[in-house]
Each structure stands twice: as C-alpha cells, then as structure tokens.
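Written below as structure tokens is the structure these notes are about.
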C-alpha cells in the first residue's frame, strides 16, 4: 500500500484512494468497494455448512450481495437521471436485503456470527451510502 492510499474498513479492503489528477483529494471507489464486498460474501458462503436450511439462505445472500455491485455498474452507465436514481435504488434494496439474509444465516448457523458481523456492517454502510446518493439524486 502506498502513502497515497487509505484503508477505511475493519476487513482491510481498499475503498478510498488518492486521485492523482488532483493532489490532496480523495476519490471514493464504490465500484471497487461493492466488488470487494461481493467477493468477501462469496468467500463467507463457501465456508458455510450445506444443509436443507442453509442452502436457500446462502443462495439468496450471494444473489443479493453480488447484485449491489452489478447494479452500481449499471447506475454508473445510466442513460438519464431517472435511470440513475432507479438503479441506485436497486443497489440500496439489495444492500438492505443482504443485511436480512445475514440475519437469517446467523440464526440458522450460529457459529457463523463472528464472520458474518463485519459483512453485515458493510452491507449496512452500503445501504446508508446508496440511500444518501438516491436522496441527493432527487434534487
């Protein structure tokens, strides 16, 4: 890691980097943050016990968590402000849904709680970020 980069989360994924075009400014890289989150969720899901209760929960969690980044990429390429706002709303919904599935997995597999907690926190932060972006886009 160079001096121009900053780590912002407990898990250590890089989400904030210096923008070399403007000295002294920081650029928030949500595309990278959402992709890293999805990768971490996939790694978490692979470690979970497979049984009739966990399988659908794992599937739903992975779908919701990976959709956040995919929808963010779509929002980044939106054709209008209305399209952007809609796709950011989808990001927000998927982040909130991810929190729900983490809660259900923690109930079905209590031993997963310590590993699920920081991922749930990241989903919460993403939900708040996308909520703010969506509200700001309404102006």
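So what is Rg over Rh here for region 30-137, counting just Cα atoms and using Kirkwood for Rh? Checking Rg against Rh, the ratio lands at 1.01. What would the Debye formula give as log10 I(q)/I(0) at q = 0.26 Å⁻¹ for the alpha-carbon point model of region 60-117, no solvent? Here the Debye-derived log intensity ratios amount to -0.92. The separation of region 76-96 from region 102-124, counted between C-alpha centres, amounts to 26 Å.
Laboratory data are not the source of any read-out in this text; all were calculated from the coordinates shown. Every value quoted in this text rests on a predicted model; they were computed, and no experiment measured them.
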